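All remarks here apply to the structure that follows.
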Amino acid sequence: MKKAVVFDGNSLFYRMYYATIKQAEYAKLNNLIPNNGIKLTMNVILKYIQNSDYEYYFVAFDHHEQTFRHQNFEDYKKGRQKAPDDLYTQMIDTINCLNYLGIKALQKPKIEADDLVGSFTKLMNDNNISVDVITSDRDLLQLVNDHCSVHLIKQGISNLDLFSVFNFQDKFFGLTPQQVIEYK
């Protein structure tokens, strides 16, 4: 069976950006262009796929425009603090870098990265391609099935927590992946 990997680019990028925030601050103080998020995100993705046997790669990012969830739920992400402007600039540059390297990276207006991850996973599964999802977003655990495993980022990218059909109920309160939505 062919294999694909999909990265929740938003989740990964935010982790990498804030893990190296001091580098961004240093760059700003010295009139340099911050590139901390780009560098670490690219390193992590390239290291992860370097010795893999995946045929398909996809990295999904949120778009800056509000989604239907914002329209339907007034308090959706209401408590979140606005991210620094250079974070968004670096995210666009990361998407461009990935695409230049032949790794499909995408953001779509009014669509969240999770929705892109879910659509890609369904497309792959419908074509008999197994998928590994790399994310720190527990909402994506609902995607686990016979042909999809979710690897939750615990620390960096080397410490991942694997959720598959074989261990899901043991690791997630005895629930099935289909019950994640209700649980959340």
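The values are calculated or read from the model by the stated rules, or taken from the named source; none is laboratory data. Since the structure is predicted, the reported quantities are computational estimates derived from the model, not experimental observations. Methodologically, a virtual Cβ is constructed for each residue, glycine included, from the backbone with ideal geometry; neighbour enumeration extends over all protein chains shown. All accessible areas refer to the heavy atoms of the entire protein, side chains included, with ligands and DNA or RNA removed. Shrake-Rupley method; radii C 1.70, N 1.55, O 1.52, S 1.80 Å.
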Quiz item: Of 63, 21, 131, which is farthest on the positive side of the dipole of the chain, counting Cα position, with +1 on Lys and Arg Cβ, -1 on Asp and Glu Cβ, and the Cα centre as origin?
Solution: 21
Quiz prompt | Highest-fluctuation residue, 132, 115, 170 considered, GNM on the chain with Cα pairs under 10 Å | solution = 170
Quiz prompt | Residue with peak Gaussian network fluctuation, the chain [Cα springs, cutoff 10 Å], from 140, 152, 32 | solution = 32
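Give, rounded to the nearest 20 debye, the magnitude of the charge dipole that the chain has about its Cα centre when Lys and Arg contribute +1 at Cβ and Asp and Glu contribute -1 at Cβ. Could the numbers behind the result be given before it?
Working: 20 positive and 22 negative charges, 76 e Å.
It works out to roughly 360 debye.
Per DSSP H run of n ≥ 4, the term is -39500 (n - 2.57); total these for the chain, divide by its residue number, and report the mean residue ellipticity at 222 nm rounded to 500 deg cm²/dmol. All intermediate terms of the calculation are to be shown ahead of the outcome.
Working: 8 runs with 78 residues, N = 184.
The helix contribution divided over the chain gives -12500 deg cm²/dmol.
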Exercise. Can you figure out the FRET efficiency of residue 165 with residue 18, using R₀ = 45 Å and their beta-carbon distance, to the nearest 0.05?
Key: 0.90
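Express as a percent, rounded to the nearest 5, the fraction of DSSP beta bridges in the chain (both residues included) that run antiparallel. The partial results should precede the final answer.
Numbers: 6 of 26 bridges.
Restricted to the chain, the bridges split so that about 25 percent are antiparallel.
Please report, in debye to the nearest 20, how large the charge dipole of segment 87-167 is about its Cα centre when each Lys and Arg carries +1 at its beta carbon and each Asp and Glu carries -1 there.
On the way: 6 positive and 10 negative charges, 30 e Å.
Charge dipole of segment 87-167: 140 debye, to the nearest 20.
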Quiz prompt | Average Cα contact separation per residue, the chain, under 8 Å, 6 or more apart, as relative contact order % | solution = 25
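Is the C-alpha gyration tensor of segment 1-46 telling us rounded, prolate or oblate? Criteria: a/c under 1.5 is rounded; beyond that, a/b larger than b/c is prolate, otherwise oblate.
Numbers: a/c = 4.44, a/b = 2.99, b/c = 1.48.
In terms of gyration-tensor shape, prolate.
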Practice problem: Express the carbon and sulfur contribution to the solvent-accessible surface of the chain as a percent, rounded to the nearest whole number, probe 1.4 angstrom. | Solution: 50
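Between residue 51 and residue 138, what FRET efficiency follows from the Cβ-Cβ distance if R0 is 41 Å, with the result rounded to 0.05?
Numbers: r = 27 Å, r/R0 = 0.67.
According to the calculation, E is roughly 0.90.
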Self-check item: Candidates 131, 44, 117: whichever shows maximal mean-square fluctuation once the chain is modelled as a Gaussian network with Cα springs under 10 Å
Solution: 44
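Taking 0.36 nm per residue of sequence separation and subtracting the Cα-Cα distance, how much length would be gained by fully extending the chain between residue 29 and residue 184, in nm to one decimal? All intermediate terms of the calculation are to be shown ahead of the outcome.
On the way: separation 155, 0.36 × 155 = 55.80 nm, distance 4.16 nm.
Here the segment from residue 29 to residue 184 would lengthen by 51.6 nm.
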Quiz item: Where the Cα atoms of segment 106-176 are projected onto their three principal axes, how long is each span, largest first, in whole Å?
Solution: 36, 29, 21
Exercise. Mind giving me the FRET efficiency for residue 64 and residue 3? R0 is 25 Å, r the Cβ-Cβ distance, nearest 0.05 is fine.
Key: 0.20
Quiz item: Per residue, how many Å² of accessible area does the chain show with a 1.4 Å probe?
Solution: 59
